[in-house]
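Data first, discussion second: the structure below is written as C-alpha cells.
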Amino acid sequence: MEGAGVDCHLPSWTTDYLTNRLQYVRLRDCESDVVVCSTGAPQGTVLSPFLFTLCTSDFSHNSDSCHLQKFSDTAIVGRVSEGNELEYREGLDIEIVEEYKYLGVHLNNKLDWTHNTDTLYKKGQSRLHLLRRLRSFGVCRSLLRTFYDSVVASVIFYAVVWSCGSSERDRKRLNKLVRRAGSLLDCSLDSIDEVGERRMLAKLTSIMDTPSHPLHETVGALSSSFSSRLLHPRCQRERYRRSFIPTAVRLFNMHNT
C-alpha cells in the first residue's frame with residue numbers, strides 16, 4: 001500500500017486491524033474459548049478482496065495468447081494458448097500434476113470428470129451407510145429426508161453444473177447412489193441430470209442478469225435479434241460442445257420453445 005502511494009496512516013490502520021484479532025463462537029448462552037487469528041482477513045469484509053486485488057495487481061500477462069481470471073481471495077487462473085509457456089514459466093521449474101483439488105472439485109490433466117466422480121462416489125457410499133443405520137434405528141422419514149438433503153445430497157450434487165461434461169458412465173454411478181437413497185427413503189429423488197440441468201439454467205440466467213460477471217458479455221453476444229432464444233456458439237470440438245455454455249444455451253432454448 002505504501003508502494004502504491006497510499007497515505008501512511010491507512011497501512012498502519014490496516015496492519016493494526018489485522019494483528020492479534022480475537023475470535024470466538026457463541027451459541028445462545030454458550031461461548032467457546034477465545035483464540036487469536038493470525039492469518040487472513042475477517043470473512044465478509046470489503047477489506048479482504050481489496051487486499052487480494054492490491055497484492056496481485058502486478059501479476060499480469062504479456063501477450064494476447066494469455067488470459068488471466070482472478071477469483072478474489074482464492075486463486076488466479078491463467079489460460080495460455082498457442083503453446084506460449086513463457087507466459088507462466090518465466091525461467092522457473094513449474095510442477096506439473098495429473099490431478100488438482102480446487103474448492104472441493106477434482107480437476108485432472110485430461111479435463112474429464114472421472115477423478116471427481118470417483119471421489120463423490122466414495123463419499124456418497126460412506127454417507128449412505130449412515131443413512132441406512134439411521135433407518136435401522138427407526139428414525140422417522142422426515143428426519144431421514146433432512147439427513148439425506150444435508151449430508152448425502154450435499155456431497156453428490158456439489159457443483160453439479162460440471163456434470164454436462166461428464167461421461168454417461170460417471171453419471172450412471174452417481175445416479176445409482178441417488179436411487180439407493182430413494183429406496184431407503186421410500187420416495188423418488190431428482191437424478192444428477194435433473195439437478196444439473198436445473199442449476200445450469202439458474203446459473204445461465206444469473207450470468208445474463210449480472211453485467212459484472214466475467215461471462216456476461218460472452219453470453220450477451222449470443223442473443224438473437226429475432227427471438228428470446230440464444231444463438232448456439234460454434235463448437236469445433238466435442239469437448240467444448242459438452243461444456244457449460246453450449247449445454248446451458250441448448251437447455252435455455254428448449255425451455256423457451
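The table below lists the values:
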quantity: Kyte-Doolittle mean at least -1.0 and Cα axial length at least 18 Å: DSSP H helices in the chain; calculated: 192-209
quantity: Inter-label distance for SER12 and PHE226, nm, one decimal - labels placed 7 Å from Cα along Cα-to-Cβ; calculated: 6.8 nm
quantity: Dipole of the chain, positive direction: furthest Cα of PRO214, ALA4, CYS55, with charges on the beta-carbon; calculated: PRO214
quantity: Rounded accessible area of ASP29 (nearest 10 Å², 1.4 Å probe); calculated: 150 Å²
quantity: Segment 196-256, relative contact order [Cα under 8 Å, separation at least 6], %; calculated: 34 percent
quantity: Cα gyration tensor shape for segment 196-256, rounded if a/c is under 1.5, else prolate or oblate; calculated: rounded
quantity: Segment 97-245: Cα Rg divided by the 2.2 N^0.38 Å rule of thumb; calculated: 1.24
quantity: Cα lying deepest toward the dipole's positive end in the chain, options THR19, SER32, VAL77, charges on Cβ; calculated: SER32
quantity: Prolate/oblate/rounded call for segment 151-205, Cα gyration tensor, a/c under 1.5 rounded; calculated: prolate
quantity: Cα extents of segment 113-189 along the three principal axes, largest first (Å); calculated: 39, 21, 18
quantity: Accessible area expressed per residue, the chain, with surrounding protein chains retained (probe 1.4 Å, Å²); calculated: 70 Å²
quantity: Label-point gap, in nm, between SER38 and VAL97 - each point 7 angstrom along Cα→Cβ; calculated: 2.5 nm
quantity: Relative contact order for the chain, counting Cα pairs under 8 Å that sit 6 or more residues apart, in percent; calculated: 10 percent
quantity: Value of relative contact order over segment 113-189, rounded to a whole percent, pairs C-alpha under 8 Å and six or more apart; calculated: 47 percent
quantity: Where only C-alpha atoms are counted, convex hull volume of segment 8-56 per residue in Å³; calculated: 93 Å³
quantity: Radius, Kirkwood style, for the chain when every pair of distinct Cα atoms is counted (Å); calculated: 22.7 Å
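The values are calculated or read from the model by the stated rules, or taken from the named source; none is laboratory data. The structure displayed is predicted, hence computed values, not measured ones. Using ideal geometry, Cβ is built from the backbone for each residue, glycine included, and neighbour counts are taken over all protein chains shown. In case anyone asks, the SASA skips ligands and DNA or RNA and just uses the protein heavy atoms, side chains included. Shrake-Rupley method; radii C 1.70, N 1.55, O 1.52, S 1.80 Å.
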